[in-house]
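Here is the structure we will look at.
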Amino acid sequence: NIILKPINNNNNVEASLILIIGADISNEMYIPLAEEIQKQSNLKLWIGLPNFPRNIPNPMLLDKAIQNTLIDLETAGMKTNNHFYGGHSMGGAMIQGWVDKNDKNVLGQFLMGSFLTRAYKNDDRVTFNYSVPTLTIGGELDGLARVTRIAEAYYTQITDSSLENAALHYP
């Protein structure tokens, strides 16, 4: 696991971000993004980049990877229960289920080249329900997270949402 200590120590508001990798992309490749997130944040932000065998985020290993990363963050000096999560591509597809089931102390998540799946539409397949504020970032060129699927996510999460202020919860 890669642990990035906060660079903004002037703020007493401490939080962590755990970012799950996309398939075939090493956690080291996310260091520049993680550092830029820290620079842009006004939080005392710790970042953990879990390592996965063969750079494939495996759903069977996800919980253990997150728990081990949290332990590594605490060992490095993190003292907060305020957590953000993120995922890129396959990592985004996997993290959302984990976050929904483990939403205690989760302030929010972001999905890059990924989206909240249709599993979060209720049984009537019309209304949308997800437990954690989520930022969806589209723009992939690999053909996996197509613009049409991002448009559907926008429609489901914001335009057709029964949630008041949906744009604030699911931008």
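The values are calculated or read from the model by the stated rules, or taken from the named source; none is laboratory data. Because the structure is predicted, anything quoted here is derived from the model rather than measured. Backbone-built Cβ (ideal geometry, glycine too); neighbour counts: all protein chains shown. We work out accessible area using only protein heavy atoms, side chains counted, and drop any ligands, DNA or RNA first. Shrake-Rupley method; radii C 1.70, N 1.55, O 1.52, S 1.80 Å.
Per residue, how much accessible area does the chain have with a 1.4 Å probe, in Å²? Don't skip to the end; give the middle numbers.
Numbers: 9270 Å² over 171 residues.
Per-residue value: 54 Å².
What distance in nm separates the two pseudo spin-label positions at Lys79 and Met29, each 7 Å out from Cα along the beta-carbon direction?
Output for this residue pair reads 3.7 nm.
Show the residues, 5+ positions off or on another chain, whose built amide H is closer than 5 Å to the amide H of Ile18.
It is Gly48, Phe84, Tyr85, Gly86, by chain and number.
Could you give the distance between the Cα centres of region 77-92 and region 145-159, to the whole Å?
23 Å
Would you list which lysines come within 19 Å of Lys39, measuring only between C-alpha atoms, while excluding same-chain residues fewer than 8 positions from it?
Within reach: Lys5.
Any idea what the relative contact order of the chain is, in percent, if you count C-alpha pairs under 8 Å spaced at least 6 apart?
Numbers: 324 pairs, mean separation 33.7, N = 171.
It comes to 20 percent, rounded to a whole number.
What is the percent carbon and sulfur in the accessible area of the chain, measuring with a 1.4 Å probe over the protein chains and ignoring ligands?
The value for the chain is 53 percent carbon and sulfur by accessible area.
Past the 21 Å Cα-Cα mark, which pairs from Lys44/Lys79; Lys79/Lys104; Lys79/Lys101? Walk me through the intermediate numbers first.
Details: Lys44/Lys79 11 Å; Lys79/Lys104 16 Å; Lys79/Lys101 23 Å.
Listed pairs above 21 Å: Lys79/Lys101.
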